[in-house]
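Taking it in order: structure first as C-alpha cells, then the write-up.
The values are calculated or read from the model by the stated rules, or taken from the named source; none is laboratory data. Bear in mind the structure is a predicted one, so any value in this text is a computation, not a measurement. Here Cβ is always computed from backbone atoms with ideal geometry, including for glycine, and neighbour counts include all displayed protein chains.
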Amino acid sequence: MKTTEQGALPRRGFLKTTLTLGGTALLAPQLAVAQVVESQNSFDIAAGPYLQTNFDNSMAILWLTNKPAAGWVEYGETPDSLSFKAYGKSEFGLRPANSKLNLVELKNLKPGRTYYYKIVVKEILNFQPYKLTYGDTIRTEVNHFINADVKKDEVRFMMMNDIHDRPQSIPQLLALDKEMNNDFVFFNGDIFDYQTDEQQIIDHMLKPCIDTFAKTTPFIYVRGNHETRGKFAREFPQYFQNVGYTAFTLGPVRFIILDTGEDKEDTHPVYADIVDFDDYRIQQASLLQQEIESKAFKKATFKIVMMHIPPRYSGDAHGPKHCTEVFEPLLNKGKVDLVLSGHTHQYKVHLPEKGLNNYLLFIGGGPRDGTRTLTKVVVNGRELLVKMIKDDGTEVGSYSIRK
C-alpha cells in the first residue's frame with residue numbers, strides 16, 4: 001500500500017537521460033545506465049522496498065521508481081513514531097537524486113531491536129541548474145525488520161541456487177520452510193540465465209522476493225557464472241548491496257562469501273576478450289588468506305563458506321579446476337566446517353574426505369522440477385545442522401557437526 005500526493009505541475013512524457021546509481025555510492029561511475037526510457041504511467045515504485053545487510057548493526061533499504069526521483073527513509077522503534085530520517089550516501093556533498101534506483105543504509109541500530117520504516121519519494125519533473133520541480137510524492141506503508149544481534153545464540157538461514165529465470169521457484173521453495181524465522185535468505189548464484197535489462201531483474205528476482213519476504217527479512221546474494229553474462233552484466237551489481245566477496249560474523253558463525261566467476265577460460269571466444277576472472281579469483285584467494293588469519297575468523301565456533309562453483313566435484317572445466325586450485329588449500333588450512341555451493345544442477349552431499357576436502361560440502365540442485373532444492377541451516381554454539389529439501393518436500397540430505 002502507498003499514498004500519492006499530487007504535484008503542482010502536469011507530468012511530461014518524454015525521454016530523459018537518467019543515472020540508476022541512486023544511493024549506491026559503492027559503485028563505479030562506469031556502471032551507470034544511461035538513456036533509460038521513462039515509463040508513461042503515473043509515478044510509482046517499480047520494485048521495493050527490499051532489505052540487505054552485512055550484520056554490522058545496519059540495514060540497507062533499496063527500491064526502484066519508474067521515473068527519476070529523490071527520496072529518503074523514515075524509521076523508528078514503534079510504527080507510529082518514525083522519528084528518524086536517512087538518505088542515500090552523499091558524494092562530494094551531493095545527496096542521490098534524479099535517479100530511479102535507491103539505496104539508503106540505516107546505521108547504528110540497536111542489537112536485537114525491531115525497527116519500523118517507510119519510504120518517502122518525490123518525482124522529479126524538471127531538473128534545471130537553478131530550479132528543481134517536484135511532481136507527485138509517494139509514502140509507502142510501514143514495514144518492519146529485526147536488527148539481528150551479532151552476539152545471538154542461534155543463527156537460522158536458508159539457501160536457494162540455480163533458479164535460472166524461473167521466478168515461480170522462489171515462493172515455491174520458500175514454502176518448504178514452514179517456520180520462516182530466518183535471519184536471512186541466501187541466493188547462491190545463477191538466479192538468471194544471463195543479464196538482459198532492469199525489468200528482468202525486477203520480474204525474475206526482486207518482485208518474487210519482495211512479495212514473499214524481502215520487506216522484512218534481508219537477503220544476501222553472490223553471483224553465479226550466469227550472472228556474469230549478457231549485455232546488462234556490468235550494470236547488474238547496482239541493484240544489490242553486494243554480489244561479490246564479503247565476510248561477516250553472526251552469532252557463533254563466521255561467514256565468508258566468494259564470487260567464483262565464470263566456468264570457462266577467460267580466452268574463450270564467447271567472452272570476446274572482455275573478462276578477467278582468473279585474476280579476480282586470485283584476488284579473492286588473497287582476501288580469503290587474510291580472512292583465515294583474522295581474529296574474527298579464529299574466534300568463531302563455526303566457519304561457513306558460500307560460493308556458487310563448488311571447490312571440487314564440479315567437473316573439469318577451467319573455472320571449477322581453478323576454484324579447486326586457489327580456494328581449496330585455504331579452505332582446508334582454515335579448517336572450514338561447511339561449504340555451500342550450487343552450479344552442478346545435481347544436489348549432493350560430500351562428506352569430509354581426508355587429503356581432499358576436509359570440510360563438509362553441500363551442493364544444491366538445479367532449476368527443473370524434481371531437482372530443485374532448499375537448503376536450511378541452523379547453528380548454535382554447540383551444533384551446526386544442515387538439511388537439504390527437494391521441491392516435493394522430501395529431505396535428500398542432512399548432516400550435523402557438533403563441537
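Of the residues making up region 166-210, those that are under 21 Å from GLY370 (Cβ atoms), touching a strand residue (DSSP E or B) at 6+ places or on another chain (Cβ under 8 Å) and surrounded by fewer than 20 Cβ atoms within 10 Å (Cβ to Cβ) are LEU174, LEU176, ASP177.
Apart from one condition, THR344 fits all of (1) touching a strand residue (DSSP E or B) at 6+ places or on another chain (Cβ under 6 Å); (2) over 23 Å from ARG166 (Cβ atoms); (3) among the polar types (S, T, N, Q); the exception is (2). If you go through region 57-71 one residue at a time, do you hit one that is free of Cβ contacts under 8 Å to residues at least 24 places away in the same chain, outside the structural domain of GLN241 (by TED's automatic domain parsing) and among the hydrophobic types (A, V, I, L, M, F, W, C)? No, the conditions are met nowhere in region 57-71. None of LYS118, LYS100, LYS122, LYS67 is touching a Pro at 6+ places or on another chain (Cβ under 9 Å), over 16 Å from LEU51 (Cα atoms), crowded, with 17+ Cβ neighbours inside 10 Å and not polar (S, T, N, Q) except LYS100. Residue count for region 203-241 satisfying the condition of being of a type outside the set (S, T, N, Q) and over 24 Å from PHE157 (Cβ atoms): 8.
The one condition from (1) buried (at least 16 other Cβ atoms within 10 Å of the Cβ); (2) closer than 30 Å to GLU383 by Cα; (3) under 18 Å from the mean Cα position of the chain (by Cα) that THR216 does not meet is (1). Take the conditions (1) over 25 Å from GLU291 (Cα atoms); (2) of a type outside the set (Ser, Thr, Tyr); (3) surrounded by fewer than 15 Cβ atoms within 10 Å (Cβ to Cβ); GLY366 misses just one of them, which is (3).
Among the residues of region 331-356, just one is surrounded by 21 or more Cβ atoms within 10 Å (Cβ to Cβ) and assigned to a helix (DSSP H, G or I), namely LEU331.
Among the residues here, ASP273 qualifies as free of Cβ contacts under 8 Å to residues at least 40 places away in the same chain and more than 22 Å from the chain's Cα centre (by Cα). Among the residues of region 248-268, some residue qualifies, meaning at least one is on the phi > 0 side of the Ramachandran plot, in the same structural domain as LYS387 (by TED's automatic domain parsing) and not polar (S, T, N, Q). The lone criterion from (1) closer than 18 Å to LEU250 by Cβ; (2) buried (at least 20 other Cβ atoms within 10 Å of the Cβ); (3) hydroxyl-bearing (Ser, Thr, Tyr) left unmet by SER58 is number (2).
Residue check: is GLU91 out of contact with any Ser or Thr (no Cβ under 9 Å at 6 or more places or on another chain), closer than 24 Å to GLY244 by Cα and among the acidic types (Asp, Glu)? Against the criterion (out of contact with any Ser or Thr (no Cβ under 9 Å at 6 or more places or on another chain), closer than 24 Å to GLY244 by Cα and among the acidic types (Asp, Glu)), GLU91 qualifies.
Just to verify a result, which residue in region 70-79, among those that are under 17 Å from ASN108 (Cβ atoms) and either among the acidic types (Asp, Glu) or out of contact with any Phe, Trp or Tyr (no Cβ under 7 Å at 6 or more places or on another chain) (or both), is surrounded by the most Cβ atoms within 10 Å (Cβ to Cβ)? By that ranking, first place goes to GLU74. Just one of the numbered conditions (1) more than 24 Å from MET59 (Cβ to Cβ); (2) modelled with pLDDT of 95 or more is not true of VAL270: (2). When you look at PRO311, is it part of a loop (DSSP other than H, G, I, E, B) and either in the same structural domain as ARG223 (by TED's automatic domain parsing) or surrounded by 21 or more Cβ atoms within 10 Å (Cβ to Cβ) (or both), yes or no? It is true that PRO311 is part of a loop (DSSP other than H, G, I, E, B) and either in the same structural domain as ARG223 (by TED's automatic domain parsing) or surrounded by 21 or more Cβ atoms within 10 Å (Cβ to Cβ) (or both).
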